[in-house]
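So the structure is just underneath, and the comments pick up after that.
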Amino acid sequence: MQPQENTKKPLEQFGQDFTALAREGKLDPVIGRDEEIRRCMQVLSRRSKNNPVLIGEPGVGKTAIVEGLAQRIVKGDVPQSLKNKRVVGLEISSLLAGAGYRGQFEERLQSVLKEIEEAAGEIILFIDEIHTLVGAGKAEGAVDAANMLKPMMARGKLHLIGATTLDEYRQYIEKDAALERRLQPVYVGEPDFDNTVAILRGLQEKYEVHHGVKILDEAIIAAARLSDRYITERFLPDKAVDLIDEATSALKMQLDSKPIELDRLNRKIMQLQIEQTALKKDKSESAKARKAEIEQEIKTIQAKADELDAKWQKEKNLIDKLNAESEKLEAARTKLEMAENESDLSTASRIKYGEIPEIEQNLTELRRQINMIPADQRLLRDEVTADDIAAVVSRWTGIPVDRLKESETQKLAHLEDDLHKRVIGQNRAVEAVANAIRRSRAGIGDYRRPIGSFLFLGPTGVGKTELAKSLAVALFDDERAITRIDMSEYMERHAVSRLIGSPPGYIGYDQGGQLTEAVRRRPYSIVLLDEIEKAHQDVFNILLQVLDDGRLTDGQGRTVDFSNTIIIMTSNIGSQYIQEWDGKNFSSLESRLQQELSHNFRPEFINRI
C-alpha cells in the first residue's frame, strides 16, 4: 500500500502563518515595542540588505515584535511596500524531523524556498533561533541551510526576519561573513519597569479570560517589581508574565476544588461512617449508645455540609457564568476587529451596537450578584492579588518576599531570644545580626547589597560558628542552610578559581564554583567564610564585589545574585586582646581590635563590613 502523499504546501507543513493568526485574533497584543517594529519595517523596506535580525536576551520579546508586525500588516498600518504581505514562521526542527534519507532535508528546504520565490515577494519568512541554520542538515559533501538561503538573499528574492541572542549571533552568524553582511542587526533591549507594567496590563484580559479569574492591578505591579528584584537570571517581561500565569493558574485550581471547610466536613462524616460500620457487630449497651451518638453527629455535620455545598455551588455557578460571558465578549471583540479589517460594516455595526452591549450588561449583572455576597461569607476567591504573586516568587526562589504575617512579626521581634537559646552571652553580636535581619524584612536599606555582612572575631570555642548555625535554625528551621567554606583551603592564588569556577578551557569549567553554585541553587541562605584571614589577597578582591554590589560573575559568565544572602566571616585576629579583656572598657578593646584588623586587612575591605 502506498503511503498517503501530503497535499499541504511546504510552508503550511513546516511553517506557521502569523498574519493568519493575527487576522483570527489568536495573537496576544504587543505593547511598548513600537520603536523596534518601526525599525524592522524600515529594514524590510530597504532596496538591499533588507533582512533584519532581532538580537536580544531570551524572554525580552523578540518573537512578540514579529507578531506585532503581523498585526500591523492585517490592520494596514504599514508602508505601501509591506501591505498585503504574509509573515510566515519557518520551524527548522520541523524540516529536520523525520528526514530519513540523505538529501531529504535539502529537498524540503528547497521546496519551501521555491514556494517563497513563486509568491513574488509576498512572503516574509521569520526564522526564530536563526543561528541553527548554520550547520543545519550539513553532511559530507552537502551544504548547510544557511548556504542554501544566501543565493536568494543575494538576489533580493527572499525577505527574512531572524531572531537570536547576542552570544549565539557572535558564535555562529559573525563567523559566516557572507551570511552576516546580508543581515541587518536590530537590537532588542529588556524593557524597564514602567514598560513591563504596560505590557502586563495589555495581556491582562487574555489571561483573565483563559483562567477565568480577575487580575488586580496591584498583582501586575507586584509581578513586575518582584520579578525584577528577585528573579535575576531571567529577563523582563517574560519572567513577570510567567509569574502572572502561575498565580492565576494556582487560583483557578482553588476555584475548581472543594473549599477546605467543606472537604474537612466530608472527611469527618466518612470517619464517623467507618466507626458506625465497625460498631454494627457489637451488641453491648455502650456500643448502642455510641451508635446513637454517631448517628446524631452525622446528621448535624451532614446538615452543615449540605448548607455549605449549596453556597459553594451557587458561587461556583455565578463565577462559571461570568467566565462564559467573558469568553463571549472576547470572541465578539475578535469578530468585530475582523469585520472592521474586511470593511464589513453591517456585521461590525451589529456586533458593536448589539452583541457587545448585551454581553457587557450580563457581565455587570453577574458581578452585582457576586458582590452581594458579603466578603467574610464568600467561599471562593476569584481575584489574583499581590500576595498571590509574592507566594509564587517564594516558591520559585525560597526567598520570603510575602508580607509579614503576624506569626513572623512575632518571630522577628523575639529573634534575639531564639538566638540566645543556643548562644550564651555575645549580646552585641546577637543584637547586630538580629537588627540586620529585621531591616531586610522591613524593606529598609540598599536591597542590592547582602542582607548583612559580619566579621566575627574571637578565640576558638566562643560561639562564632554556633551563632551562624543558630541564625540558620531561626530563619530556615535547618542549621544546614549554610554554605560553609574553610578559607584555609584558599591560601594559594590559583585556588580563587574554585570559588567562582574555572575559566573556559580549563578542567572543571562545567562544574561551576563552590561559592557561586551554592548561592545560585539557594539564593536565600547564610554564607560562612571560616578563618578569613588565611585566604589569599585575590580572594578579598572577589569578596569586595560581593560586599559592595551584591553580585558576582562566575567562570561561565553568569551573574550570581548575593543580595539575599547573609555573609558571615570568622577570624581569630585579636584573640589575645579579647581573652585579656576584663569586661569593663569596651571602647579600648574595640580600638585595639581595629588596629589589629587594619594591619591584616585592606581599608576598603573593612569599610564594607
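Side notes on the structure shown:
- Flag for S94 being surrounded by fewer than 19 Cβ atoms within 10 Å (Cβ to Cβ), modelled with pLDDT under 80, hydroxyl-bearing (S, T, Y) and touching a helix residue (DSSP H, G or I) at 6+ places or on another chain (Cβ under 8 Å): yes
- Taking residues in segment 374-387 that are closer than 20 Å to D309 by Cβ and among the aliphatic types (A, V, I, L, M), and partners anywhere that are at pLDDT 70 or above and assigned to a loop (DSSP other than H, G, I, E, B), the pairs with Cβ atoms closer than 7 Å and at least 6 places apart or on different chains are L379/P259.
- Screening segment 564-609 for residues that are modelled with pLDDT under 65 and among the small types (G, A, S) and picking the one that is surrounded by the fewest Cβ atoms within 10 Å (Cβ to Cβ) gives G583.
- If you go through segment 120-134 and keep only what is in contact (Cβ under 8 Å) with a residue 24 or more places away in the chain and part of a loop (DSSP other than H, G, I, E, B), you end up with G121, E122, E129, V134.
- Odd one out for K283, checked against (1) of a type outside the set (G, A, S); (2) under 29 Å from D245 (Cβ atoms); (3) not in a helix (DSSP H, G or I): (2)
- Any hit, segment 344-354, residues being modelled with pLDDT under 85, in a helix (DSSP H, G or I), closer than 30 Å to T248 by Cβ and not acidic (D, E): yes
- Helices (runs of 4 or more DSSP H) enclosed by segment 153-262 - at least 2 residues per element that are more than 30 Å from S394 (Cα to Cα): 177-180
- The set of residues from segment 456-469 being farther than 13 Å from I566 by Cα and in a helix (DSSP H, G or I) comprises K464, T465, E466.
- Any hit, segment 321-341, residues being part of a helix (DSSP H, G or I), closer than 26 Å to L255 by Cα, of a type in the set (G, A, S) and in contact (Cβ under 8 Å) with a residue 60 or more places away in the chain: yes
- For segment 476-507, a residue qualifies if it is at pLDDT below 75 and not charged (D, E, K, R), and the qualifying residues are F476, S502, P503, P504, G505, Y506, I507.
- Residue satisfying all of: in segment 213-258; of a type in the set (G, A, S) and closer than 21 Å to D320 by Cα; surrounded by the most Cβ atoms within 10 Å (Cβ to Cβ) among these: A247
- Here segment 427-441 is the region considered, the condition is being without any contact (Cβ under 8 Å) to a residue 24 or more places away in the chain and either hydrophobic (A, V, I, L, M, F, W, C) or surrounded by 13 or more Cβ atoms within 10 Å (Cβ to Cβ) (or both), and the residue that is farthest from E416 (Cα to Cα) is S440.
- R381 fulfils the conditions (1) under 34 Å from the mean Cα position of the chain (by Cα); (2) at pLDDT below 75; (3) in a loop (DSSP other than H, G, I, E, B) except for a single criterion, (2).
- Residue in segment 20-32 that is in contact (Cβ under 8 Å) with a residue 60 or more places away in the chain, touching a helix residue (DSSP H, G or I) at 6+ places or on another chain (Cβ under 7 Å), outside any loop (DSSP other than H, G, I, E, B) and surrounded by 22 or more Cβ atoms within 10 Å (Cβ to Cβ) present: no
- Qualifying residue in segment 181-202 (condition: farther than 17 Å from R33 by Cα, surrounded by fewer than 17 Cβ atoms within 10 Å (Cβ to Cβ) and either free of Cβ contacts under 8 Å to residues at least 40 places away in the same chain or out of contact with any Pro (no Cβ under 8 Å at 6 or more places or on another chain) (or both)): yes
The values are calculated or read from the model by the stated rules, or taken from the named source; none is laboratory data. None of these values were measured; they are calculated from a predicted model. Backbone-built Cβ (ideal geometry, glycine too); neighbour counts: all protein chains shown.
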